[in-house]
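Inspection log for the structure reproduced underneath, given as structure tokens.
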Amino acid sequence: MSTTASVAAGMRRGILRAPVYVVLVIASVLAVVPFAWMAIASTHATSDLFGTPLPVLPGGELWVNLARLQESVDFSGVMLNSLVIAVIYTVFSSIVSIMCGYGLATYRFRGRGLLLGLVLVTMMIPMQVLLVPLFQMMASAGWIDTYQAVVLPFLANAFGIFLMRQGFLDFPVSLIEAARIDGANEFRTFYRIVLPVARPQIAALVIYTFISQWNAFIWPLLMLNTEDKYTVPVALNTMIGMSRVDYSGLMLGSLLATLPLMLLFLVFQKQFVSGLLGGAVKG
């Protein structure tokens, strides 16, 4: 009887969960279809993409499209530009977010709540509102068409600060106090005791920061005027002409630009998910 009852209970659970599985399968297919179409389209000529029926299997134009893409925008160069900018921004922005989040979570001082509120309010300001004053600041500093103009204005990331603050809230303050009693200075306490525990949140922060900078378009488009300094989104934008668009090249460029992000997420997906969930229930 017990075996029969357990089997029946398992079947009931399976039936109740079936709609959830169906929704997950449909959502997964809808999420994968655009990437699959992008991969298929990158192996065909542009004329094939407007034919009837649409191609559903890979074609034989991949290397031709790749050579044309490299010739039009020096794609290997702009990939390197994006990598350099994204890595530099990720390193320094993560340092700022980690230190600010740690200070807001562990130090008790007057106005701490107000300061956190001001940081969060900046997340509600549309990017378009900041473009003109930031452009004027960069022009006054003589930084137009430089990488520091792309990186520096957004180093203090409000979401990153909030994410790290939420992650540090759960850290036992008694450990920090014990380290101070033992004679450890603030830097050693932070580096040797706090950071190793916060690795999931830091991994989530690094992934989010890298992806946001890698995909940045509007600000690099305004700041960078030299083709040799273009990032991937800016370079792909130059392939959209007034009378003709190389859709196969665009698809191939978009696919190649997406692959590093997918690889980064697949490698660190466990840390990313645990880092985000780690700060989701803290006050």
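Structure notes:
- Residues satisfying the stated conditions in region 56-70, i.e. at pLDDT 85 or above and either under 30 Å from Pro196 (Cβ atoms) or surrounded by 12 or more Cβ atoms within 10 Å (Cβ to Cβ) (or both): Pro58, Glu61, Leu62, Val64, Asn65, Leu66, Arg68, Leu69, Gln70
- Where a residue in region 217-239 is in the same structural domain as Glu71 (by TED's automatic domain parsing) and closer than 13 Å to Ser254 by Cβ and its partner, wherever it lies, is of a type in the set (A, V, I, L, M) and assigned to a loop (DSSP other than H, G, I, E, B), with Cβ under 8 Å and at least six apart: Pro233/Ala216
- The residues in region 108-129 that are loosely packed, with under 10 Cβ neighbours inside 10 Å and of a type in the set (A, V, I, L, M) can be counted, and the count is 3.
- Comparison of Ser174, Ser212 shows that the only residue that is under 27 Å from the mean Cα position of the chain (by Cα), on the phi < 0 side of the Ramachandran plot, of a type in the set (Ser, Thr, Tyr) and assigned by TED's automatic domain parsing to the domain that holds Val78 is Ser212.
- All positions within region 145-155 that are in contact (Cβ under 8 Å) with a residue 40 or more places away in the chain and surrounded by 14 or more Cβ atoms within 10 Å (Cβ to Cβ): Thr146, Tyr147, Ala149, Val150, Val151, Pro153, Phe154, Leu155
- The requirement of being in a helix (DSSP H, G or I), open to solvent by 60 Å² or more (accessible area, probe 1.4 Å) and closer than 16 Å to Ala158 by Cβ is not satisfied by Leu104.
- Inter-residue pairs, beta-carbon under 7 Å, first over 16 Å from Thr238 (Cβ atoms) and open to solvent by less than 70 Å² (accessible area, probe 1.4 Å) and in region 71-87, second of a type in the set (Ser, Thr, Tyr) and assigned to a helix (DSSP H, G or I), 6+ apart: Ile85/Tyr147
- Criterion violated by Ala139 - all others in (1) open to solvent by 60 Å² or more (accessible area, probe 1.4 Å); (2) without any contact (Cβ under 8 Å) to a residue 40 or more places away in the chain satisfied: (1)
- The helices (runs of 4 or more DSSP H) falling completely within region 160-242 that include 2 or more residues that are open to solvent by 60 Å² or more (accessible area, probe 1.4 Å) map to 173-181, 186-189, 199-214, 218-223.
The values are calculated or read from the model by the stated rules, or taken from the named source; none is laboratory data. No experiment lies behind these values; they were computed from the predicted model shown. Every residue, glycine as well, gets a Cβ built from its backbone with ideal geometry; the counts of neighbours run over all protein chains shown. These area figures cover heavy atoms from the full protein model, side chains too; ligands, DNA and RNA do not enter into them. Shrake-Rupley method; radii C 1.70, N 1.55, O 1.52, S 1.80 Å.
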